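Have a look at the structure below before the remarks.
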Amino acid sequence: MINILFVCLGNICRSPMAEAVFRKKVREAGLEDRIRIDSAGTGSWHIGKPPHEGTRRILKQYGIDTTGMKARQVGAEDFRDYQYIIAMDSSNVRNLEAIAPSGHGAEVRKLLDWAPNAGVTDVPDPYYTGNFEEVYKLVDEACDTLLSYIREREKV
Ligand code: 4NP
């Protein structure tokens, strides 16, 4: 199994959006039995909560279901369980590095590494900006390229 974890700060806005968008693309590619997808936050405030209303609304608009999704906090064990840990911004990467066990084998990258022409390298946080549409477009574009990258790397 190929395991991919999307990470943001609260796990209610950006990383659940990336999780749901990526899952849809994986399903459309017929790879749902090969690729496992989850998301988590570096913070603990929203553990157990569903995605933010703005994330739910924009995903529904694009025909993507969020039923049953619940926020959780990222932990050291995730570096053992996931080969790809995809952060939304640079501060998420710093927070991940602070809890990463030494010698872990996970590839920790920023999502917008797969959207080099986006004009930004961090996914803006819609919890503060209110702009969920902008985030959806960035996430959707980057997830297409990320899936191609993983298919190439993993030969699936
Ligand atoms: P996210 O957005 O990291 O994209 O889920 C945030 C959600 C909640 C908070 C910050 C960012 N918060 O401070 O509660």
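Each value in this text was obtained by applying a stated rule to the coordinates, not by laboratory testing. These figures come from a predicted structure and were not determined experimentally. Neighbour counts run over all protein chains shown; Cβ positions are idealised from the backbone, glycine included.
Structure values in brief
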quantity: Gain upon complete extension [TYR62, GLU133; 0.36 nm per residue less C-alpha separation]; calculated: 24.5 nm
quantity: Trypsin sites (Lys or Arg not before Pro) within region 52-117: DSSP coil, no more than 15 neighbouring Cβ in 10 Å; calculated: LYS70
quantity: Quarter of the Cα convex hull surface for the chain, i.e. its orientation-mean projected area (nm²); calculated: 8.6 nm²
quantity: Whole-Hz ³J(HN,Hα) from phi, Karplus 6.51 cos²θ - 1.76 cosθ + 1.60, for region 11-22, glycine and proline x; calculated: 6, 10, 10, 7, 5, x, 5, 4, 4, 5, 5, 5
quantity: Inter-site label distance for SER102 and ARG27 at 7 Å from Cα along Cβ, in nm; calculated: 4.3 nm
quantity: Rounded to whole Hz, the Karplus (6.51, -1.76, 1.60) HN-Hα couplings of region 113-119, x for glycine and proline; calculated: 4, 9, 9, x, 9, 5, x
quantity: Amide H partners (placed H, <5 Å) of ALA87, local residues excluded; calculated: VAL7, ARG109, LYS110, LEU111
quantity: The chain - mean residue ellipticity at 222 nm from DSSP helices (-39,500 (n - 2.57) per run, n ≥ 4, rounded to 500); calculated: -12500 deg cm²/dmol
quantity: Sites SER90 and ASP144, calculated FRET efficiency, Cβ-Cβ separation with R0 22 Å, nearest 0.05; calculated: 0.50
quantity: Rg/Rh (Cα only; Kirkwood hydrodynamic radius) as it applies to region 1-92; calculated: 0.95
quantity: Whether region 85-129 is rounded, prolate or oblate, judged on the alpha carbon gyration tensor where a/c under 1.5 counts as rounded; calculated: oblate
quantity: Two-site label geometry, ARG80 and ARG153: point separation in nm, points 7 Å out along Cα→Cβ; calculated: 2.1 nm
quantity: Region 137-156 and region 37-98: distance between their alpha carbon centers, rounded to Å; calculated: 18 Å
quantity: Region 59-126: chymotrypsin sites (Phe, Trp or Tyr not before Pro) falling in loop per DSSP and having at most 15 other Cβ within 10 Å; calculated: TYR62
quantity: Cut-off under 5 Å, modelled amide H: who pairs with ILE2 long-range; calculated: ILE35, ARG36
